[in-house]
Amino acid sequence: MSASDLILDAGAPATRARVRVPATSANLGCGFDSLGMALTLYNEFLFEAAPQLSFEGCEARFANDHHLAYTTWRRTLRSLADESRGSAALCDPAKVHLSCASQVPLSGGLGSSSTCIVAGIVAAYAMAGVALAREELLERATRAEGHPDNVAPASLGGLTCSFIAPEGQVVSLENPVDKRWRFVALSPAYEVRTSEARRVLPPSVPLEDAVWCLGRCQGTIRALETGDGALLRAACTDRLHEPYRKTLIPDYEPLKELALRLGAAAFWISGSGSTMIAACLDEQTAADLCEAVRQLSPTVAAHILMADNQGVILCER
Ligand SMILES: Nc1ncnc2c1ncn2[C@@H]1O[C@H](COP(=O)(O)OP(=O)(O)OP(=O)(O)O)[C@@H](O)[C@H]1O
Ligand SMILES: N[C@@H](CCO)C(=O)O
């Protein structure tokens, strides 16, 4: 195994671990359930041995033993102990303080659940002192999330194209994103749950719609890699999920019309929504769009982001 295959080196067992995980935009239009990209918006989680179980920095509804980062951390520690790997002696799952600093909106579409899952796994390995290989992180995180398109870029950074091989192995191909791209994330105040957004999809799609997306996927990857706005405009449109899901997002049509009129190269529903992304090739277009969105839809939060080409990092242990 080469050093680049490792997310984390083995070390001494530790009583604390602080992990930072980027937000992610899945699908990128035509790459339903396979493309994803990490963005410069972060959730940070500090796990620390404490006299009792306690939570800080998260909404009251999550401050309990069902918190997704906590349950993932606890399950991962148990599984490492079952496999007799590392030492969990310093971290009693019932006695931990979880402190969260969250930038990723909870309205959905920017991979907030993946930040919890990836952080819980990395923190458990760090505290047990076990080395973590990228394949192992991808497989554990995909099993927990159900699909790899958010957890892969959250783990590895950049733009990833992922699929699950017949033997169950998660394959994820990384592509760096051109630094000129600015991604304007538009997050309405209302939430769209992934489960609800999957329910509105048809069980099968016409062959021509599947074909529509195949070539466009490669075009979208190339355009994001090279900063080719005309190619992104031509390639980045979808027929597999957006036509069905836009009905769940009342702001979709007016914001798409506005973004394309002001010069964005492409506009997509981020993940399963409700967040939407406008891809712009320069800072000024992105700033103009934010200002126009403030006028048109003041309840929609607008963030100008870049691609994160790094993925999860262990900040301290
Ligand atoms: N910061 C957080 N703290 C605790 N739980 C969280 C947090 N973020 C997400 N979750 C859990 O994940 C659920 C949201 O997952 P969901 O997949 O619907 O949204 P998402 O990951 O933001 O969207 P998408 O996968 O479309 O990008 C929440 O209901 C909660 O259970
Ligand atoms: N690919 C997933 C991402 C959301 O988690 C979907 O669109 O349902």
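The values are calculated or read from the model by the stated rules, or taken from the named source; none is laboratory data. All values derive from a computational prediction rather than experimental measurement. Reconstructed Cβ throughout: ideal geometry from the backbone, glycine too, with neighbour counts over all protein chains shown. Note: accessible area is taken over every heavy atom of the protein model, side chains too, but ligands, DNA and RNA are not part of it. Shrake-Rupley method; radii C 1.70, N 1.55, O 1.52, S 1.80 Å.
Mind checking which residues of region 264-293 are under 14 Å from residue 306 (Cα atoms) and either small (Gly, Ala, Ser) or in a strand (DSSP E or B) (or both)?
Within region 264-293, 277, 278, 279, 280, 286, 287 qualify.
Hey, can you tell me all the residues within region 219-239 that are surrounded by fewer than 21 Cβ atoms within 10 Å (Cβ to Cβ), more than 20 Å from the chain's Cα centre (by Cα) and not in a loop (DSSP other than H, G, I, E, B)?
Selection gives 219, 222, 226, 229, 230, 231, 233, 234.
It is to be established whether one or more residues within region 69-89 are within 16 Å of ligand 2 (Cβ to nearest atom), at pLDDT 95 or above and not in a loop (DSSP other than H, G, I, E, B).
Yes, because at least one residue in region 69-89 is within 16 Å of ligand 2 (Cβ to nearest atom), at pLDDT 95 or above and not in a loop (DSSP other than H, G, I, E, B).
Residues of region 107-122 being more than 19 Å from residue 77 (Cβ to Cβ) and either in a loop (DSSP other than H, G, I, E, B) or open to solvent by 10 Å² or more (accessible area, probe 1.4 Å) (or both), which ones?
Scanning region 107-122 gives 107, 108, 109, 110, 111, 112, 113.
Do the conditions hold for residue 161, that is, is it open to solvent by 30 Å² or more (accessible area, probe 1.4 Å) and either at pLDDT 95 or above or within 15 Å of ligand 1 (Cβ to nearest atom) (or both)?
Here the answer is yes, as residue 161 does meet what is asked.
Take the residues in region 42-64 that are outside any strand (DSSP E or B) and open to solvent by less than 40 Å² (accessible area, probe 1.4 Å); name whichever of them is nearest to residue 305 (Cα to Cα).
Filtering first and then ranking leaves 58.
Report, by residue number, each residue of region 1-33 that is in contact with an Asp or Glu (Cβ under 6 Å, 6 or more places away or on another chain) and either more than 12 Å from ligand 1 (Cβ to nearest atom) or not in a loop (DSSP other than H, G, I, E, B) (or both).
Within region 1-33, 16, 18, 20, 22, 26, 29, 30 qualify.
Just to verify a result, which residue in region 123-147, among those that are within 16 Å of ligand 1 (Cβ to nearest atom) and in contact (Cβ under 8 Å) with a residue 40 or more places away in the chain, is least open to solvent (accessible area, probe 1.4 Å)?
The qualifying residue least open to solvent (accessible area, probe 1.4 Å) is 123.
Out of 104, 96, 171, which single residue is away from ligand 1 (no atom under 14 Å from the Cβ) and either open to solvent by less than 10 Å² (accessible area, probe 1.4 Å) or within 15 Å of the chain's Cα centre (by Cα) (or both)?
The conditions single out 96.
Taking region 90-111 as the search range and keeping residues that are over 30 Å from residue 191 (Cβ atoms) and hydrophobic (A, V, I, L, M, F, W, C), which one is farthest from ligand 2 (Cβ to nearest atom)?
First, pick out the residues of region 90-111 that are over 30 Å from residue 191 (Cβ atoms): 90-92, 94-95.
Filter once more, keeping what is hydrophobic (A, V, I, L, M, F, W, C): 90-91, 94.
Values: 90: 34, 91: 29, 94: 30 Å.
Filtering first and then ranking leaves 90.
Any idea how many residues of region 253-263 are open to solvent by 10 Å² or more (accessible area, probe 1.4 Å) and not in a loop (DSSP other than H, G, I, E, B)?
Residues of region 253-263 that are open to solvent by 10 Å² or more (accessible area, probe 1.4 Å), as a first pass: 253-254, 256-258, 260-263.
From what is left, the residues that are not in a loop (DSSP other than H, G, I, E, B) are 253-254, 256-258, 260-261.
Qualifying residue count for the region: 7.
Within region 197-218, can you find the residues that are open to solvent by 60 Å² or more (accessible area, probe 1.4 Å), away from ligand 1 (no atom under 16 Å from the Cβ) and under 17 Å from residue 26 (Cβ atoms)?
Listed by number, the list holds a single entry, 216.
Go over the candidates 110, 186 one by one and state the one that is within 16 Å of ligand 1 (Cβ to nearest atom), touching a residue at least 24 places away in the same chain (Cβ under 8 Å) and not assigned by the TED database to the domain that holds residue 24.
186
Quick one: which of 310, 295 is under 30 Å from residue 14 (Cα atoms) and either outside the structural domain of residue 196 (by the TED database) or not hydroxyl-bearing (Ser, Thr, Tyr) (or both)? First the steps, then the outcome.
On the way: 295 fails: under 30 Å from residue 14 (Cα atoms).
Criteria check complete, one pass: 310.
Does residue 34 satisfy the criteria of being out of contact with any helix residue (DSSP H, G or I) (no Cβ under 9 Å at 6 or more places or on another chain), small (Gly, Ala, Ser) and either open to solvent by less than 10 Å² (accessible area, probe 1.4 Å) or in contact (Cβ under 8 Å) with a residue 12 or more places away in the chain (or both)?
On the way: out of contact with any helix residue (DSSP H, G or I) (no Cβ under 9 Å at 6 or more places or on another chain): no; small (Gly, Ala, Ser): yes; either open to solvent by less than 10 Å² (accessible area, probe 1.4 Å) or in contact (Cβ under 8 Å) with a residue 12 or more places away in the chain (or both): yes.
Taking the combined requirement at face value, the residue does not satisfy it.
Would you confirm whether or not region 16-28 contains a residue that is more than 19 Å from residue 158 (Cβ to Cβ) and open to solvent by 20 Å² or more (accessible area, probe 1.4 Å)?
Yes, there is a match, as at least one residue in region 16-28 is more than 19 Å from residue 158 (Cβ to Cβ) and open to solvent by 20 Å² or more (accessible area, probe 1.4 Å).
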